[in-house]
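S.K.: This is the structure, below, for whatever I ask next.
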Amino acid sequence: MKELDKITNPFGDDKVIANCGLFGMMSTKGRRFSGQDAILAMANMHDRGNGLGGGFAAYGIYPEYADCYALHVMYESMTGKEQTEHFMRTTFDVVHNEEIPHRDPANSGVAPAPILWRYFVRVPKNVLKEISISRRGLDGGIKKESPRDGIRDDIDDIDDIGRIKEAIEDNREDIEDDYVVKQVMTINTGIADAYVFSSGKNMGVFKGVGYPEDIGNFFCLEEYNGYLWTAHGRFPTNTQAWWGGAHPFSLLDWTVVHNGEISSYGTNRAFLEMHGYYCCMHTDTEVIAYAVDLLARRHHLPMDIVAKVLAPPLWVSIDRMPEPERRLHTALRLTYPALLMNGPFTIIIARQGEMIGLRDRIQLRPLVAGIKDDMLYLSSEEAPIRVVCPDLDETWTVKGGEPIIGRLGGRVITGFEGFRGDSYEELPSTAVRGASGR
Amino acid sequence: MKSYLLPQFAVHRDDDRCIRCKVCVSQCSFGVHAYDDEDDEIRSNEGACVGCQRCATLCPTGALVIRRHPHEFRPNANWSEEMLLDVKRKAETGAVTITGMGNDKPHRVYWDHLLLNASQVTNPSIDPLREPMELRTFLGRKPDGLLFKDGRLITDIPPQVMIETPIIFSAMSYGAISYQAQLAFMQAAQELGTLCNTGEGGWPMDFRRFGRNVIVQCASGRFGVDPDYLNQAAIVEIKIGQGAKPGIGGHLPGEKVTAAVAATRMIPEGTDALSPAPQHDIYSIEDLSMLIYALKEATNYEKPISVKIAAVHNAAAIASGMVRAGADIIAIDGFRGGTGAAPRVIRDNVGIPIELALAAIDERLRREGIRNRASILVAGGFRNSADIIKAIALGADAVYIGTAALVAMGCTLCQQCNTGKCAWGITAQDPYIAKRLNPDIATRRLVNLVRAWTLEIKEMLGGMGINSIESLRGNRLHLRGIGLQEWELEVLGVKGAGQ
């Protein structure tokens, strides 16, 4: 088995430490634009990186293959490519494949590049059927739904959370996603010289060793049109330069760019391992991505609730909240204590149709937001936003623990808006008794 | 029979300093000091001295020095003085040697071989004097996840008990300790927003007002267990075993069963209070499950049920079974845990260190994917705040302190708890001796100790760049081993220093 950790983290440190510059921009109307502005913004934050990693994630760039998983793969050898392609033929329907267009590395100011290839694939129909049958066979209690039925309508009758979770997972999209995750993990940990660094639909990650503006130029990102771009410039302190080690980190269509060092890494990782996530790269960013995947995709928590798990309010604030809200936050903190991301961080998480910015709860790393018409900008500094959009409607420093969420077709949500007012009324009673008399 | 036992301690009295105030005479409950009227002299029977230092502490002129007796046997690497004396003692009595407190053998203390981390440059340390530092902890079963429907949380949260510091006072029964000592524990737990444990000796009626801060035990003797006992408490704990005497029951001699103790334990006055070695309705894991659910029924599923075991060789597998049997909390007592009375040979030779048991149990529950279903409490020889924070990094939710709390009240670990003569009034039942422990002063000392440790824990957490204890729980990356062998590092799940 290939140990990615050995490549990413050659000195065997507890985790890979990197401090960085972040940038994200999104049109909430879904207007598509080139990567030129994101490159320009990153060039403005040149000094936040040290040339050992830069990358971009772009959404909406493959409309012609919108229903295919776009796998971006880097190969260190032709053998790795042959083995991977053989593996893909047996596990996927490959609709199209080609080299990822790029300029000559020598003239782009980036490090010598691996072979970069992309595949547009579908999950074969027979695989889907087999998996759903075998899953349903294991689950004696809830046979009435077919995989396509929305399970979420039926959970009133079911008390047991484990069964509900199984039922929710028993639908087509999740089966496909889980299948793709599994194959990606197999390639990444099983095949030497091959690494899948992007695996979502109608989106792609482009990253490598070099300054971000050079990486953007190398990948010809000015020729792509997406409605959402995130970008990252890296200042790693304990890793050797490796193309796969750059950000964004991605799983399916989730991407994470991250600036910070998570002090709670060991706790986070232990909890995620309990839920079947193998943290093979030993980076903080990886645990954030897995945590978001667990909470948002597998536990179906709304994004603003996810943010409250990662960066919860302090108990002194929770104790002052009105009763229903206090109970909600208490439930979150006592159920997901191990997913609190402690220590300094700023993250920009993106997925299809959504971009989320979040800072740690005591604001140890910077995040600035800006709005102009339908555009939402998130950045480590204000200057790069001004570079690409000099006449902003509004700009502000984001508060710790308060997510900024941009959604397609919606307005920008700042803070915690998802659960307000009378939606609390029917909360189940929680028997939390405080020894302190609260 | 002439005793061949030599005195263990020598009493040195500076006659120039002694003012014949007779404090030592009245304070020594072991009858060491006696005043001779005719000679105006205080004489000492050194053979009775247990080295508790009560007289030396209270002597107003500092005239007394109690030190190890200087007599020496011929040196022998195989036969220490302690072994010689134990053989002689048995030859004279034909009885099992009974002792108090925890294992005093020089086994490796793993806490002293674990080092903590701190932040430098790449992430900032946090100053607890300027920023919030959260130690709030919830004890009880946690849900596997939360479900929302139409913006509403629809998951039921199992009963939880919230404590403001991860330090709890360990189980010590009324009978083993005095009424005054137990009152001090309850007052201190209330003031600190934490818990204390009644032990298995029942719960005096006038202490039930502290219910929010009390864990009651349901042990093999079932002393004092009735519906009110169970329902007034915050947590009910099934006691299977104790670190100081795994596999052994308890025996409170009839002399200590006063009218008040008898009423609390619901037994006749002056009779021996016997706790059988096993619980006679638990001969297997499914029996345990039945008792857990019987207690949940009795308390209307409103209280977490804890199960306490001694740390033994296969503790990890047992703990896993306990969680699956329905325990909301599992309490593990290591082999350095104290006792009011235990056979010395058991105390010193049975069980394993809490550090290793905790690491193995946390690891096992994680690998089985059930760590969230129970909180882990650990006990057995926690001496300072560093021990506690290391336990949390190894995976504990909170820590029971017993011996340290007794030391705060005055205990000097003279190991005479079983005799009922405790000169500090902590484990005495004789009202004359017990009264010397002022419950309010003892409360203040306990509160001060826990407050000081809590502040120290916050300092260490902040140094690691962590502002909430939940981010350290099971975070073994913040620990490094020093002076440990490969297998020990593996069991503890930590790297060596410098790695």
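S.K.: What does the charge add up to near residue A:108, with Lys and Arg as +1, Asp and Glu as -1, over the other residues with Cβ less than 15 Å from its Cβ?
M.R.: The answer is -3.
S.K.: Hey, another quick one. Given contacts defined as C-alpha pairs under 8 Å and at least six residues apart, what's the relative contact order of the range B:9-95, whole-number percent?
M.R.: 34
S.K.: Which entries in the list B:88/B:435; B:239/B:303; B:105/B:308 go over 28 Å, if you measure between the two C-alpha atoms of each?
M.R.: Long pairs (Cα-Cα over 28 Å): B:88/B:435.
S.K.: Quick one: which residues, 5 or more positions from residue A:53 or on another chain, have an amide H under 5 Å from its amide H? H modelled 1.01 Å from N in the peptide plane, none for Pro or chain starts.
M.R.: A:210, A:234
S.K.: Shifting gears a bit: Positive end of the charge dipole of the protein assembly as shown (Lys, Arg +1 and Asp, Glu -1 on Cβ, about the Cα centre): tell me which of A:126, B:283, B:64 has its Cα farthest that way.
M.R.: B:64
S.K.: For the protein assembly as shown, give the magnitude of the charge dipole about the Cα centre (Cβ charges: +1 Lys/Arg, -1 Asp/Glu; no others), in debye to the nearest 20.
M.R.: Dipole about the Cα centre, nearest 20: 1560 debye.
S.K.: Report, by chain and number, residues whose modeled amide H sits under 5 Å from the one on residue B:103, excluding near sequence neighbours (fewer than 5 apart, same chain).
M.R.: B:337
S.K.: What Kirkwood Rh does the range B:195-347 have if only Cα atoms enter the pairwise 1/r average? Answer in Å.
M.R.: 15.8
S.K.: For the range B:107-171, take the alpha-carbon Rg, divide it by the Kirkwood Rh, and send me Rg/Rh.
M.R.: 1.12
S.K.: Express the C-alpha Rg of the protein assembly as shown as a ratio against the empirical globular expectation 2.2 N^0.38 Å, rounded to two decimals.
M.R.: Against the empirical 2.2 N^0.38 Å value, I get 1.09 for the protein assembly as shown.
S.K.: Report the net charge of residues surrounding residue B:353, where surrounding means a beta-carbon distance below 9 angstrom and charges are Lys +1, Arg +1, Asp -1, Glu -1.
M.R.: Around residue B:353, the charge tally is +1.
S.K.: Moving on. List the lysines whose alpha-carbon lies under 26 Å from that of residue A:81, not counting same-chain residues fewer than 8 positions away?
M.R.: Cross-link targets: A:2, A:6, A:125, A:182, A:201, A:207.
S.K.: Mind checking A:206-214 for the average number of partner chain beta-carbons within 10 Å of each residue's beta-carbon?
M.R.: 0
S.K.: Could I ask something else about it? With charges only on Cβ, +1 for K and R and -1 for D and E, what is the dipole size of the range B:137-496 about its Cα centre, in debye, rounded to 20?
M.R.: 540
S.K.: Please list 3J(HN,Hα) in residue order for the range A:211-226, calculated via the Karplus relation 6.51 cos²θ - 1.76 cosθ + 1.60 where θ = phi - 60°; whole Hz, with x for glycine and proline.
M.R.: Working through the residues one at a time gives 6, x, 5, 6, 5, x, 5, 4, 8, 6, 5, 5, 8, 9, 10, x Hz.
S.K.: If you average over every viewing direction, what projected area does the convex hull of the Cα atoms of the range B:137-496 give, in nm²?
M.R.: With every direction weighted equally, the projected area is 18.1 nm².
S.K.: I've got another one for you. Hey, what's the Kirkwood Rh for the range A:202-283 if you take every pair of different alpha carbons, in angstrom?
M.R.: 14.5
S.K.: Read phi for every residue in the range A:381-389 and hand back ³J(HN,Hα) as whole Hz from Karplus 6.51 cos²θ - 1.76 cosθ + 1.60, θ = phi - 60°, with x for Gly and Pro.
M.R.: Once rounded to whole Hz, the list reads 9, 7, 4, x, 5, 5, 4, 8, 8.
S.K.: Considering only the other residues whose Cβ falls under 15 Å of the Cβ of residue B:484, what net charge follows from Lys and Arg at +1 and Asp and Glu at -1?
M.R.: 0
S.K.: Can I ask one more? Cut-off under 12 Å on the C-alpha distance; same-chain residues fewer than 8 positions from residue B:245 excluded. Which aspartates and glutamates are left, in chain and number order?
M.R.: Counting by Cα, and skipping residues close in sequence, residue B:245 has these aspartates and glutamates nearby: B:333, B:348.
S.K.: Can you give the FRET efficiency to the nearest 0.05 for residue B:61 and residue B:313, using r as the Cβ-Cβ distance and R₀ = 45 Å?
M.R.: Efficiency computed from Cβ-Cβ geometry: 0.30.
S.K.: Out of A:180, B:153, B:139, whose Cα points farthest toward the positive end of the dipole of the protein assembly as shown (charges: +1 Lys, Arg; -1 Asp, Glu; placed on Cβ)?
M.R.: In the protein assembly as shown, that residue is B:139.
S.K.: Between residue A:319 and residue A:103, what is 0.36 nm times their sequence separation minus the Cα-Cα distance? Round to one decimal in nm.
M.R.: 72.1 nm
S.K.: Largest first and in whole Å, give the semi-axes of the range A:189-337's equivalent ellipsoid, each being the square root of 5 times a Cα gyration tensor eigenvalue.
M.R.: They are 32, 18, 15 Å, listed from largest to smallest.
S.K.: Further question on the same structure: Using 0.36 nm per residue, how much length does the chain from residue B:77 to residue B:274 gain when fully extended, once their Cα-Cα distance is taken away?
M.R.: 67.0 nm is the gain from fully extending residue B:77 to residue B:274.
S.K.: Using only the alpha-carbon atoms, what does the range B:406-499 span along each of its principal axes? Please give whole angstrom values in decreasing order.
M.R.: For the range B:406-499, the Cα extents along the three principal axes come out at 57, 32, 18 Å.
S.K.: May I ask for the distance between the Cα centers of the range A:262-276 and the range A:74-121, given as a whole number of Å?
M.R.: 31
S.K.: Now a separate question. So which trypsin sites (Lys or Arg not before Pro) in the range B:1-93 are both in a DSSP loop and have at most 15 other Cβ atoms within 10 Å of their Cβ?
M.R.: Here the trypsin sites (Lys or Arg not before Pro) that fit, given the DSSP loop and packing criteria, are B:2, B:17, B:20, B:22.
S.K.: According to the square roots a ≥ b ≥ c of the eigenvalues of the Cα gyration tensor, what is the shape class of the range B:211-275, taking rounded for a/c under 1.5, prolate for a/b larger than b/c otherwise, and oblate for the remainder?
M.R.: Oblate, because a/c is 1.5 or more while a/b does not exceed b/c.
S.K.: Another question about this same structure. Points 7 angstrom from Cα along the Cβ direction at residue B:105 and residue B:293: gap in nanometres?
M.R.: Placing both labels 7 Å beyond Cα along the Cβ direction yields 4.1 nm.
S.K.: Once you put a point 7 Å from the Cα of residue B:12 and another 7 Å from the Cα of residue B:368, both along the Cβ direction, what distance in nm separates them?
M.R.: Placing both labels 7 Å along Cα→Cβ, they lie 5.6 nm apart.
S.K.: How large is the direction-averaged shadow of the alpha-carbon convex hull of the range B:135-276, in nm²?
M.R.: Result: a mean projected hull area of 10.3 nm².
S.K.: Check which residues have an amide H placed less than 5 Å from residue B:248's amide H, if you skip close sequence neighbours.
M.R.: So residue B:248 has HN proximity to B:242.
S.K.: Given a Förster distance of 41 Å, report the FRET efficiency between residue A:278 and residue B:228 from their Cβ-Cβ distance, rounded to the nearest 0.05.
M.R.: My answer for the efficiency is 0.20.
S.K.: Next up: Sort B:407, B:378 so the one with the fewest other Cβ atoms within 10 Å of its own Cβ comes first.
M.R.: By the 10 Å Cβ count, ascending: B:407, B:378.
S.K.: Let me ask another. Could you pull out every one of the aspartates and glutamates with an alpha carbon less than 18 Å from that of residue B:22, ignoring same-chain neighbours closer than 8 positions?
M.R.: B:14, B:36, B:37, B:38, B:39, B:40, B:41, B:46
S.K.: Using the Karplus curve 6.51 cos²θ - 1.76 cosθ + 1.60 with θ = phi - 60°, what ³J(HN,Hα) values do you get for each residue of the range B:143-151, in whole Hz, with x for Gly and Pro?
M.R.: Karplus-based 3J(HN,Hα) across the range B:143-151 equals x, 5, x, 10, 10, 10, 9, 6, x Hz.
S.K.: Between B:203, B:238, B:23, whose Cα lies farthest towards the positive end of the dipole of the protein assembly as shown when Lys and Arg beta carbons carry +1 and Asp and Glu beta carbons carry -1, centred on the Cα centre?
M.R.: Farthest towards the positive pole: B:23.
S.K.: Using just the helices of chain B, give the 222 nm mean residue ellipticity in deg cm²/dmol: DSSP H runs with n ≥ 4 each add -39,500 (n - 2.57), and the total is spread over all residues, rounded to 500.
M.R.: -8500 deg cm²/dmol
S.K.: DSSP beta bridges in the protein assembly as shown, what fraction antiparallel, as a percent rounded to 5?
M.R.: About 75 percent, rounded to the nearest 5.
FYI, it's all coordinate maths here, none of it is from the lab. As the structure is a prediction and not an experimental result, all values here were calculated from the model. Neighbour counts are summed over all protein chains in view; Cβ atoms, including those assigned to glycine, are modelled from backbone coordinates with ideal geometry.
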